[in-house]
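Just so it is clear, none of the values below were taken in a lab; they were calculated from the coordinates. As the structure is a prediction and not an experimental result, all values here were calculated from the model. Methodologically, a virtual Cβ is constructed for each residue, glycine included, from the backbone with ideal geometry; neighbour enumeration extends over all protein chains shown.
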Ligand SMILES: [Zn+2]
């Protein structure tokens, strides 16, 4: 991860508006280094990993309102189970960077933390999981996409395009893990938990698929590793998970514990005795390694799990018993379903019951009004899908 970040910083700037063809300076230099690393990992995994260059054009205020060429890099690890191979889990970082002025193609923009760190996490997950897939020891049933996108600093253009690409290829998004500014742990008294941001969503009562993804990740990696933040992103700011979240898909953002605002989005300089710049010397590779493992383990367990149940319904209003029903496709690898509940003020689910073959349960003497309910699928291998909250009939 340190080597890749060093190479990316060595590109001088990775502004999306900089050169795509100069191998020494600009965003094209970054693409070359990430692509080389993906190809190296693909070779080590017996070519289980497929490297894809996705070229497109995009326009925003921050492209001068004219279309500019862009590229995203993906490495795809196809799922081993034909039934689940179209269910896609994504880990993403953005390879582009920016100086203080987001239109300035000349200034240095090292972007060691923002977001060479997230790019390195995505690439490291590709290494860990393709190695696992190649060893035959772990069965990753669903597919995983390791992404390094461009255009984040010009208005989330690369991730927006990635979502279109994913839909066009016929995938369903199982979960999108955005890693952006995950490389430093500068707050005193560390080590600290990585923050995981998830938005509330727009459903009545229950919260969003993004929140369910975040809860699942916390349960997998543990409360000592993950600090859940029930907010779509840092206050007044955005990231590559945003368009996924807005589309009602499960997407969440990893970010280091406390940002130093003299680092990110700053052209390296000294001004008024203060040193500005997003430099490698501020990174913590121990912290970043943990973030990569947290991502990798979450992806591993989610990709091993059965598909989440569809359309859990809550019935039983104005009766003494709550009734929860759901549907699901046949899956010989599924052990059953967990019915989850929580107090309406409680942030996390608890298991109410486990059923093997049924797709309906009556919760005797449990009012529909005083709890929230959800269902998740459990594999024979012990892996769990994200929870799906009940909706009204
Ligand atoms: Zn960023």
Using a cut-off of under 16 Å, list every residue of the range 7-40 whose amide N is near the label point 7 Å from the Cα of residue 262 along the Cα-to-beta-carbon line.
none
Between the alpha carbon centres of the range 153-170 and the range 302-343 the gap in Å comes to 31
For the range 303-364, restrict the atom set to alpha-carbon positions and state the Rg and Dmax in Å.
12.7, 39
Given a Förster distance of 30 angstrom, what is the FRET efficiency for residue 106 paired with residue 234, based on the Cβ-Cβ distance and rounded to 0.05?
0.55
Expressed as a whole number of Å, what is the distance separating the alpha-carbon centroids of the range 1-51 and the range 58-89?
16
For Cα pairs less than 8 Å apart in space and 6+ apart in sequence, what is the mean separation divided by the residue count of the chain, i.e. the relative contact order in percent?
15
Relative packing of peptides 131-137, 353-359, 337-343 - highest average C-beta neighbours within 10 Å first
337-343, 131-137, 353-359
Using only alpha-carbon positions, what ratio does the radius of gyration of the range 24-122 give when scaled by 2.2 N^0.38 Å?
1.25
Sorted by Cβ neighbour density within 10 Å, fewest at the top, the residues 288, 95, 70, 203
203, 70, 288, 95
Viscosity 1.567 mPa s, 4 °C: Kirkwood-radius Stokes-Einstein D of the chain over Cα pairs, µm²/s
60
Using the per-residue mean of other Cβ atoms lying within 10 Å as a proxy for protection, in what order, highest first, do the peptides 323-333, 294-304 fall?
294-304, 323-333
Using the number of other C-beta atoms within 10 angstrom as an exposure proxy, rank 220, 226, 362 with the fewest first.
362, 220, 226
Across all directions of projection, what mean area in square nanometres is found for the Cα convex hull of the range 204-260?
4.6
Could you give the alpha-carbon Rg of the range 278-393 over 2.2 N^0.38 Å, rounded to two decimals?
1.35
DSSP beta bridges in the chain [antiparallel fraction, %, rounded to 5]:
65
What's the ranking of 186-197, 305-316 by average number of surrounding C-beta atoms within 10 Å, highest first?
305-316, 186-197
Which of the three applies to the range 122-272, rounded, prolate or oblate, going by the alpha-carbon gyration tensor with a ≥ b ≥ c and a/c under 1.5 meaning rounded?
rounded
Over the residues of the range 354-393, compute the C-alpha Rg and express it relative to 2.2 N^0.38 Å.
1.33
What is the spin-label model distance, in nm, from residue 53 to residue 358 if the labels are put 7 Å beyond Cα along the C-beta direction?
5.7
Efficiency of FRET from Cβ geometry, residue 318 and residue 135, R₀ 56 Å, rounded to 0.05:
0.55
Per-residue [θ]222 nm for the chain (sum of -39500 (n - 2.57) over DSSP H runs n ≥ 4, rounded to 500):
-7500 deg cm²/dmol
